[in-house]
Every structure is written in C-alpha cells, then in structure tokens.
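Read through the structure below, which is laid out as structure tokens, and then see the notes.
Laboratory data are not the source of any read-out in this text; all were calculated from the coordinates shown. None of these values were measured; they are calculated from a predicted model. For neighbour counting, all protein chains shown are included, and Cβ atoms are generated from backbone atoms with ideal geometry for every residue, glycine included.
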Amino acid sequence: MKYRPDVDGLRAVAVLPVMLFHAGVAGFSGGFVGVDVFFVISGYVIALSLLDDLEKDQFSVWRFYARRVRRIFPALFVTVAVTAVFAYLLLLPSFFLDFSKSLLAASVFLSNIYFWKESGYFAADAVFRPLLHTWSLSVEEQFYLFMPIAMLVIYRFLGKRWLLVLSPAILASLALSAYAATTAPTANFFILPTRAWELLLGAALALGRVPRVQSRWLAEGIGGAGLVLIGIAVFTFDETTPFPGLNALYPCLGSALLIYAGMSATRPLATTLLSLRPLVAIGLISYSLYLVHWPIVSFLRYQSLDHPTVAQTLAMLAASFILAALSWRYVEQPFRRPHPAITQPRLLAGGVATIAVFAVVGAVGIAAEGFPHRMTDFKEQTIAGHQHWNQGTCFLANNPDHRRWDAEACTITEGSGPKVLLWGDSHAAHYVPGIMANAALNGAQVVQYTAAGCPPILSYYSHARPRCTAFNAHALTLVEDLDIDAVVLGARWTDLQSRGLGELQSTLSKLAPLDVKVHVIGQSPQFSADVQVIAHSKGNRAAAGVDRWTVFFDPAINAELKALAGSANFIDPLRVLCEGRLCPYRERGRFLYEDAEHFSVYGSGKAVAAFFPLTP
C-alpha cells in the first residue's frame, strides 16, 4: 500500500480541532467533528490494507487482528495505565467508581455503549471522565469485527462488486443516523449502526475504483471543496447542532473529497497543503495525541475547578504534544516493528491477556466501590436532591410528553391562597423539596410542571429533546384550565445564552393576556465542579461554618434577564445568596447542592425560604 503524506496531514486536520475544542479555545466550537474525519480515514486505510492482502492472496483474519494489536494496543493501554494511576490518586470514590466502569468497558472496546447508557441527565460531568474519548476507539474496533469478513465475502463470492454492498449499507446507516438525530440523539452519537456509514464511506472510496481526476482545475475544485466543508463544520457547528445525522456529511464528504483529490493525476493545492511537513508530523503522532490530550484536559479541570486560563491552555497543548511525541517514539514505533520472538499467536495471546488485565483492574475498582478508604481526610456523602422532584410524574426526565403529566399528582402543596404554576427545567424542579418543606409557611397552592432540558420558552426547540416544544405549549392550556393565578419561570438560563436570552419574550408575551402574575427566577449558582470535589480539593472550611466558591458564569446574565423580564417580577438568586461571584456551597458541614448546580434538599429549603415567591 503506497504511503500518502497527505493522508497523514488529514489526520492532523482531524486531531487539531478536537484538541482545541476540548481545550476550550474560542472559534473551534465544532472541533468535535475531527472524530468523523478520523472515521473516514480509518475506513479508507483499513479497506486498502485488506484489499492488498486479498489481491496478494495473503488474507487472514488473524493476521489482520495481529496488525490491529500492534497498531492500537501499546499506546492505548500505556495511556490508560497512566490515567488510571492519576485517577486513583485524584478522583473521589464516586468518580473513581465511574472511571472503573469506563475502564472495564474501554478494555473490551464497549466504552461507547457504556457512555451512551450512562449519559443521563444526572450522570457525571463529561469533563471529569478521563476515558470518555475512548468511545470512538470502541466504534472503530467494533467496525473491525465485521469488515474483514464482509470484504472476504464480497471479494470471493460477489465478484468484487464492492459498491453493490457498500452503497446500500452507507445509505441505510446514514438514514438511521438522520432519523435518530431527533428520536435518539445520544445513541445516535455513540453507537456503531449510526456511525458505520462514515467508516464505510472511506472504504467505498478505497474500493470503488473511482477514476482518477485528470483535470487540474477539477482536482483543485474537489480539494478546495473538501477543505471548505470541513471548515464549515469546525467553525460553525457547536454543541447544539444536531449530530451526527445529515450534518456529519460536511466533515465526512470533506474528508472523502480531500482523499480523492490526492489521487488525481495532478497535485492540487489542498494536497500540497496537507503534505506540508508540520502537518504530516502531527499526523504521524495523531493517534497518541488523541489518546493523551483528553486525560490532561480532564485532570486539569478537576484540579483547577475553573475555566482554563490562557497559560493553562497553552500548557495543556504543549504537554499533549510532548507526551504524544514520546508515546509515538518509545511506545508506538517499537511495537510496530516485527520481532522474530513475537510470533502472531504470541502477539494475539498478549493482546487478549492485556485486555483481561485491564478488565480485571476495572472490575476490582467497581467491586471496591471506588476505594473510599483512599480519602482519609474527606468522607464523600450521599446528598439528597433530585430523588425528591417527583420524577416520572411531575419532572419528566427522559421523555417530556405532557400526556404523562398529572395535575392532581403534581399539586405539591394544598394552600388556600393563590394557585401557582412552577414551570421550567431542572432549575425549576430543584425548588420542589424546598416548596414542600415550607408549605406550612405560606398559603400558595403550587402545581409542578417541569421537564429535563426544557426551559420555559415557547419558541424553544431542541433536536435532542424535540418534545419540549409541545410540553411548553401545553403550559398555556394549564394556566387557563387550572385557573392559575401566578406562574413561576425557572431555568438553566446559561444554556440559552448562545441562542439569545431574548427568546424569553416568546413566553412573556403569551402570558401577558392571561391575567396572571409572572415571576422569573434568574440563574442560580453554578459551580465548575461537583461541590464535593470542590470541598475535597480546596478544603476551604470557613471559621463561620460557611464554605464558598466562585460561580462558573458571568453574573451579568441576571441583569440581562431582569431587563428582559419587563413588568414581570424578577428574582435574582445571586443577590440573595452570594457576595459577587462568591457563593456558599456548604453550611456547617451540610451541602447546599447535590452536584455542581442543583440544590440539595437542604439547599432547596434554604433557597425557597430566602427568595421563592410563595406568599399570597
């Protein structure tokens, strides 16, 4: 198989946006699409390698897997081993328990399934999962299970009619991904059936016998289009973009066009750019770079408990390049070179043994429940919180279908005063324990109408939670049918900043003619990490018994919300609870939050008593 430096350059184009996106560098909001570029490259390279074996009559499934072991295992498991040591030293037991589960899953190349299943609304913060990035390696390994056999069957029994099989498979996988983008967005992101078309696209390019481009201008156009498509995705997509689905066509087609342009009879500018030595050098270490960068980001964020500074970002990137270069030189390269003593059976046996060892280490961490004895100076607590939000009835987490909501069951206080509708997402629901605890102190009759990820914005549409639109629209019906006197709007307003907080007007304008009092509760404190991580890392126990930490957003958001609220009564939790950006998270040993941003039962009671509008 002929070496192509431009393909290594394309690997650099894949890994750099991913790194810059994870490091929080402005302008690379769609950097996550670099993984899709990797998928196309992998499909192309693997198909060419298998085709070469088939045409030389050297095909062997075991030989293929032996090559994969040489290529993937050394750098992966060295990185995982070092990461496990730091995780053991730094992470709280609950976080290390999650790490151990992900380690077990990553060892057997099922981490994509694990992170899909464990990506619920109250799952561990993604940035504190040092092995999260291994999901893409699991997708590729699962692809490798069937691709060699599929190619052998097509080659031997279907007369090398590659596109006869690959084209329907690509279209079916793409169609499934487009459908799942709104019906099952989390599964769509993580699982092979909705990602297979990206790898198969690269394979089809390698196997389809596409004629070489002879025209220089056509080659220039194809290469330029490839760069533009990837650039659009990297610089205009963000975490709200439905993905993968049809939007993944941008980076995937862009990658395929760049690979195809490099096959042309002439050498287009795009191929020349990708073949530049700095890009090729980065491409050569791209696998190790991808492996090491995320644990560095994760542990730095865990330790700093704040947005990385410019200096920290530069340090993260520098450390990633240094470690990747060392990994490539002293781990990847030595293992890629065949050694007479390491026969194919021994290599495969060693690979299986390595998988077994790391799987056992993960299993031990799970059995030990994260080794809580490590933290002799800090005892992690089980904090009561969202379990008291009337989940599944009044707080709809996984399927916000208003038809599952019940007005009688969700009337959470029975006062004789005004009837109040509490409407919003989890940042409205976290007031529920406090409302119930303070029920005797007010005369309001409170009706809870809340759903995960559904801020009370009538114009709001989420590709991840498309039923939010109908859920919110139904709130207006409830105001009239239940004879509501006052509406309290609560939300994680920071999520709406990128869309524009002005969308709040879509709700306020519809409530205005309904003759109800409207209260808007502004953004409550959000910290950079779980409050127990902050407490353990900083140990800043104050003499007065109140521990404080800075919020993770600009408090000016509440000033903007107040201006938008107009005639509605605006409540600023920060002004009541905090001193500037410094907010209490623990009081006399009791945590006011259950995680990084949702009030605990105890904190909810304190917040409601302090500022929630319950009195007639």
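Exactly which trypsin sites (Lys or Arg not before Pro) in the stretch 38-86 are in a DSSP loop and have at most 16 other Cβ atoms within 10 Å?
Listed in order of number, the matching sites are K56.
How much length would be gained if the chain were fully extended between V228 and T309, taking 0.36 nm per residue of separation minus their Cα-Cα distance, in nm to one decimal?
26.1 nm
Could you work out [θ]222 nm for the chain from helices alone, using -39500 (n - 2.57) per DSSP H run of at least four and dividing by all its residues? Round to the nearest 500 deg cm²/dmol.
Only helices count here, giving -17500 deg cm²/dmol.
Sort out for me the Cα centre separation of the stretch 581-610 from the stretch 303-365, rounded to whole Å.
40 Å
Check cross-link reach from K379 to the lysines: straight Cα distance under 26 Å, and skip same-chain residues fewer than eight apart.
Candidates past the 8-residue exclusion: K101, K538, K606.
Along the charge dipole of the chain, pointing to its positive end and built from +1/-1 on Cβ of Lys, Arg, Asp and Glu, which listed residue (T411, S100, G603) has its Cα farthest out?
Of the candidates, S100 comes out farthest on the positive side.
Compute the whole-percent fraction of alpha carbon pairs in the stretch 39-169 spaced more than 21 Å apart.
51 percent
Net charge near T393: determine it from the other residues with C-beta under 9 Å of the C-beta of T393, scoring Lys and Arg +1 and Asp and Glu -1.
0
At R0 = 35 Å, how high is the FRET efficiency between A409 and M375 if r is their beta carbon distance? Nearest 0.05 is fine.
0.30
Once you have a ≥ b ≥ c as the square roots of the Cα gyration tensor eigenvalues for the stretch 251-357, tell me rounded if a/c is under 1.5, and otherwise prolate or oblate according to whether a/b is larger than b/c.
Oblate, since a/c reaches 1.5 and b/c is not below a/b.
Estimate the FRET efficiency between V364 and R156 by the formula 1/(1 + (r/R0)^6), using the beta-carbon distance for r and 56 Å for R0, to the nearest 0.05.
With a Förster radius of 56 Å, E is 0.80.
I need the shape label for the stretch 357-404. Rule: rounded when a/c is under 1.5, else prolate if a/b > b/c, else oblate, with a, b, c from the alpha carbon gyration tensor.
Cα axes put the stretch 357-404 in the oblate bin.
For the stretch 392-480, state which chymotrypsin sites (Phe, Trp or Tyr not before Pro) are in a DSSP loop and have at most 16 other beta carbons lying within 10 Å of their beta carbon.
Listed in order of number, the matching sites are Y461.
Please state the relative contact order of the stretch 22-177 as a whole percent: Cα pairs under 8 Å, 6+ residues apart?
So the answer I get is 21 percent.
Indicate the gyration tensor shape class of the stretch 448-532 (rounded, prolate or oblate), computed on the Cα atoms with a ≥ b ≥ c the square roots of the eigenvalues: a/c under 1.5 is rounded; otherwise a/b larger than b/c is prolate and the rest oblate.
prolate
Determine Rg/Rh for the stretch 220-308; Rg is computed over alpha-carbon atoms and Rh is the Kirkwood hydrodynamic estimate from the same atoms.
1.08
Could you give the Stokes-Einstein D for the stretch 386-611 in µm² per second, using the C-alpha Kirkwood radius, 10 °C, 1.306 mPa s?
89 µm²/s
Among S94, S288, rank each residue by its count of other Cβ atoms within 10 Å, from fewest to most, as a rough exposure measure.
S94, S288
To one decimal place, what Kirkwood hydrodynamic radius in Å is obtained for the stretch 1-56 from all pairs of distinct Cα atoms?
This gives a value of 12.4 Å.
What does the net charge come to around Y114 if you take all other residues with beta carbon closer than 13 Å to its beta carbon, with K and R at +1 and D and E at -1?
+1
Give me the percent relative contact order of the stretch 386-611, please, defined on Cα pairs under 8 angstrom at least 6 residues apart.
About 21 percent, as a whole number.
So which cysteines of the chain have no other cysteine's Cβ under 4.7 Å from theirs?
Among the cysteines of the chain, those whose Cβ sits 4.7 Å or more from every other are C252.
Roughly speaking, what is the stretch gain from A556 to S506, that is 0.36 nm per residue apart minus the C-alpha to C-alpha distance, in nm to one decimal?
The A556-S506 span can extend by a further 15.9 nm.
Relative contact order for the stretch 5-374 using alpha-carbon pairs under 8 Å, separation at least 6, rounded to a whole percent?
The value is 33 percent.
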